[in-house]
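A quick write-up on the structure given underneath.
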Amino acid sequence: MHPLSSLYLDSGDLSGFFPGGDRIYVFAFSFIALFILIIACINFMNLATARSGIRAREVGLRKVVGAERSQIIMQFLSESVTLSLLCLIISLFIVKWTLPFFNELADRNIQFHIFDNILYLAGFVGLAILVGILAGSYPALLLRIYTDSCFVR
C-alpha cells in the first residue's frame, strides 16, 4: 500500500501502468530555476547600479525639495516591485499563449490552471514581491549612500 500523493515519484513502477518520475530530477530542475532567478536578480542590481549616475541627480533634486531618506528608498523599492509584478503578468500571459505550441512540440498535455487555484497565484505574487524587494534593495541603499557622501551637481 502506497499513499496516493506519493505514487508518481515513489512508486518505482509497482503497477506497470505508468513510468513514474524521479525526485532527483525535480530537485535538480528546482535548483536550476532558483539559480537562474538569483542570476536575474544580480543582473537587475547591476543594471540599476550602472544607471545610478543618472538617478543621482534625481535623488539630489528630491532631497533638495525635501524628501527624506525613507521616501527615496521606498520610491526605488516600489519601482522595483512594480516592475517585477508587471513582468509576472507578462510572463503569465506568454505562458498561457505559448503552452499549446509547447504541448504539440513536446507531445505532452500540460495544462495551465494558475488562475483557478488562489494559493498558486498568491505564491507567484509573493515571489514577485520578494524578488522585487531583493533586486531593488541594493540600488536603493547604494543611491542613498552615494547622495549622502558626495555633492550632486
TODO: Determine whether S70 is part of a helix (DSSP H, G or I), of a type in the set (S, T, Y) and more than 15 Å from the chain's Cα centre (by Cα).
DONE: yes
Task: Test for I145: is it loosely packed, with under 12 Cβ neighbours inside 10 Å, at pLDDT 85 or above and closer than 30 Å to A50 by Cβ - done: no
Open item on the list: Looking for something among the hydroxyl-bearing types (S, T, Y), modelled with pLDDT of 75 or more, in a helix (DSSP H, G or I) and under 27 Å from S80 (Cβ atoms) - is there at least one such residue anywhere in the stretch 50-59?
Closed with: no
Open item on the list: Return the pair list, or none, for Cβ contacts closer than 7 Å from residues in the stretch 110-121 that are in a helix (DSSP H, G or I) to residues that are exposed (fewer than 12 other Cβ atoms within 10 Å of the Cβ), at least 6 apart or on different chains.
Closed with: L121/F115
TODO: Test L47 against the criterion of being within 19 Å of L141 (Cβ to Cβ), within 24 Å of the chain's Cα centre (by Cα) and either polar (S, T, N, Q) or crowded, with 17+ Cβ neighbours inside 10 Å (or both), and give yes or no.
DONE: no
Open item on the list: From the list C87, C41, exactly one residue is surrounded by 10 or more Cβ atoms within 10 Å (Cβ to Cβ), assigned to a helix (DSSP H, G or I) and at pLDDT 85 or above. Which is it?
Closed with: C87
- [ ] Specify which of the listed residues (I72, I32) is modelled with pLDDT of 85 or more and either over 24 Å from L141 (Cα atoms) or surrounded by 10 or more Cβ atoms within 10 Å (Cβ to Cβ) (or both).
- [x] I32
Open item on the list: Could you list, ordered by first residue, the pairs with Cβ atoms under 7 Å in which the first is in the stretch 58-82 and of a type in the set (K, R) and the second is buried (at least 17 other Cβ atoms within 10 Å of the Cβ) and not in a loop (DSSP other than H, G, I, E, B), at least 6 apart or interchain?
Closed with: R62/I72; K63/T147; R69/R144
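The values are calculated or read from the model by the stated rules, or taken from the named source; none is laboratory data. These figures come from a predicted structure and were not determined experimentally. Backbone-built Cβ (ideal geometry, glycine too); neighbour counts: all protein chains shown.
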